[in-house]
1. Might you let me know whether the range 93-110 holds any residue that is outside any loop (DSSP other than H, G, I, E, B), touching a strand residue (DSSP E or B) at 6+ places or on another chain (Cβ under 8 Å) and under 30 Å from Ile6 (Cβ atoms)?
2. Within the range 120-128, identify whether any single residue is within 16 Å of the chain's Cα centre (by Cα) and surrounded by fewer than 24 Cβ atoms within 10 Å (Cβ to Cβ), and answer yes or no.
3. Within 24 Å of Phe31 (Cα to Cα) and without any contact (Cβ under 8 Å) to a residue 60 or more places away in the chain, is that true of Glu172?
4. Going through the range 155-202 one residue at a time, which ones are touching a helix residue (DSSP H, G or I) at 6+ places or on another chain (Cβ under 9 Å) and in a strand (DSSP E or B)?
5. Of all residues in the range 203-220, how many are in a loop (DSSP other than H, G, I, E, B) and of a type in the set (Lys, Arg)?
6. Which condition number in (1) of a type in the set (Val, Ile, Thr); (2) under 17 Å from the mean Cα position of the chain (by Cα); (3) part of a loop (DSSP other than H, G, I, E, B) is the one that Val18 fails?
7. Does any residue of the range 60-75 turn out to be in contact (Cβ under 8 Å) with a residue 40 or more places away in the chain, surrounded by fewer than 18 Cβ atoms within 10 Å (Cβ to Cβ) and within 29 Å of Val134 (Cβ to Cβ)?
Amino acid sequence: MPVLEIENLEKIYHVSSVMEVAALRGVSLSFDVGEFAAIMGPSGSGKSTLLNVLGCLDQPSGGRYTLNGEEVASLSAERLADVRNSRIGFVFQSFNLLSRTSALENIELPLMYNREGLSMREIRKRATVALERVGLADRADHHPSQLSGGQQQRIAIARALVNQPDVLLADEPTGNLDTRTSLEIMEVFQELNEQGILLIMVTHEPEIGAFTKRVIDMRDGRVERDRQVEKQMLAGEALKKLPLPEEEKS
């Protein structure tokens, strides 16, 4: 059974009483455990709309969406909120970290809404493990202003992972980052994917898509092409080819 499956998905926005815009036009896709997919396409192709629907942040106008065999359309508002919090992790272009809160406390936030009734000790333990997974255990007490852009994005990734979701969704996660930092983030994603996490990422950069295992090209609300990457590039190898930063040279 696929983790995510959509059939003939449609999304229509009513701009006015006489005007409609079809953002998704009969999209059918499925995603399995351990996949790493990039959704690509020009502006207005529907890629971000599709990601929002997959993340249960938006509802489709038509079609069918199942998450681990469960019909999303049949879920109550309360159950849908639980799904968004515990089964889907989100990473965005903007890091969305609380500026006056430490890295560890930012990661703990989703657990505060967890209905398992976790103790503060367990919350702190899970957040620490998530922080270690992205290689920033030594930055637990740092505030966002004390972290680089790449480190802030790693904190955002750890926050998305802390509830142990079935799928990690990323919307232009390297859009605000330089080349080296982008590769570092892709290396984190590749390592997480090798651990079995399903990763679906929206990007407009073909060179970033080359670090995934599957590329889905969209245009005008439809899937234009869906292909496996012939030879996945390894971010760690690409990093070795970049010149060292000035501070490391000295």
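Every read-out reported here was derived from the displayed coordinates using simple, explicitly stated rules and does not represent laboratory data. Computed from a predicted model, the values in this text were never measured in an experiment. Positions of Cβ are backbone-derived with ideal geometry, glycine not excepted, and every protein chain shown enters the neighbour counts.
1. No: zero hits.
2. The answer is no; no qualifying residue exists.
3. No: the conditions fail for Glu172.
4. Correct list: Val167, Leu168, Leu169, Ala170, Asp171, Leu199, Ile200, Met201, Val202.
5. Number of matching residues: 1.
6. (2)
7. Looking for residues that are in contact (Cβ under 8 Å) with a residue 40 or more places away in the chain, surrounded by fewer than 18 Cβ atoms within 10 Å (Cβ to Cβ) and within 29 Å of Val134 (Cβ to Cβ), one finds at least one in the range 60-75, hence yes.
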